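The structure appears below as structure tokens.
The values are calculated or read from the model by the stated rules, or taken from the named source; none is laboratory data. Quantities reported herein were computed from a predicted structural model and do not represent experimental measurements. Note: ideal-geometry Cβ built from the backbone for every residue, glycine included; neighbour counts use all protein chains shown.
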Amino acid sequence: MSMEQIISTVHGFSGALVVRPQPGDGAPALAWGDAFFYYAPDGRMPHNVQPYGTIITKNYPDDTLSDLDRPGRWRLNVHVDKARFRELVGSGPRELAQPCDYAATDTVVPHPVYGALGWVSVVNPGERTSDLVVELLRAAHEAARARLERRRAHG
């Protein structure tokens, strides 16, 4: 599954906003080429809200374990709930103790930096994980929608 296929899939979710920083748009250069997924039914960048998914195309200064600076490598990151995290990874987000190969492709692993916060990652999703990553993105999108609705209901 390509980055463009994932981005196109997320674009198809009702209320989805995909932010793709580029030169000249005010975003930091480090984020250029990456993609950030939000639930934003008004089409505007939400404030004080983290994305529910991202595509990262390069190493960041504090995030090098996925080896994304090699040609053709990129990583999908998705926030999941605790039960789904445990199902996918074999432990809870705050129980991570076993080392794993964060650079493995087409494999769900805890996010190398934000795993303890409930994020999972897949470097270069392929045949084994394509259907799963779409399912995870859809669930994360719905969870973001529900959070926004709860916030609106509580003023």
**Request:** Please determine, by comparing only the residues of region 126-151 that are in a helix (DSSP H, G or I) and small (Gly, Ala, Ser), which one is surrounded by the most Cβ atoms within 10 Å (Cβ to Cβ).
**Result:** ALA140
**Message:** Suppose the filter is surrounded by 14 or more Cβ atoms within 10 Å (Cβ to Cβ), of a type in the set (D, E, K, R) and either touching a residue at least 40 places away in the same chain (Cβ under 8 Å) or over 26 Å from ASP131 (Cβ atoms) (or both); does ARG86 pass it?
**Reply:** no
**Message:** Of the residues ASN48, ASN59, only one is of a type in the set (S, T, N, Q) and modelled with pLDDT under 95; which?
**Reply:** ASN48
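Test of understanding: among ASP81, ASP69, ASP63, which residue is free of Cβ contacts under 8 Å to residues at least 24 places away in the same chain and among the charged types (D, E, K, R)?
The match here is ASP69.
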**Prompt:** Do we have any residue at all in region 98-105 that's assigned to a loop (DSSP other than H, G, I, E, B), small (Gly, Ala, Ser) and out of contact with any helix residue (DSSP H, G or I) (no Cβ under 8 Å at 6 or more places or on another chain)?
**Reply:** yes
**Message:** crowded, with 19+ Cβ neighbours inside 10 Å, farther than 19 Å from VAL10 by Cα and either over 12 Å from the mean Cα position of the chain (by Cα) or of a type in the set (Asp, Glu) (or both): which single residue out of PRO61, PRO93 fits that description?
**Reply:** PRO93
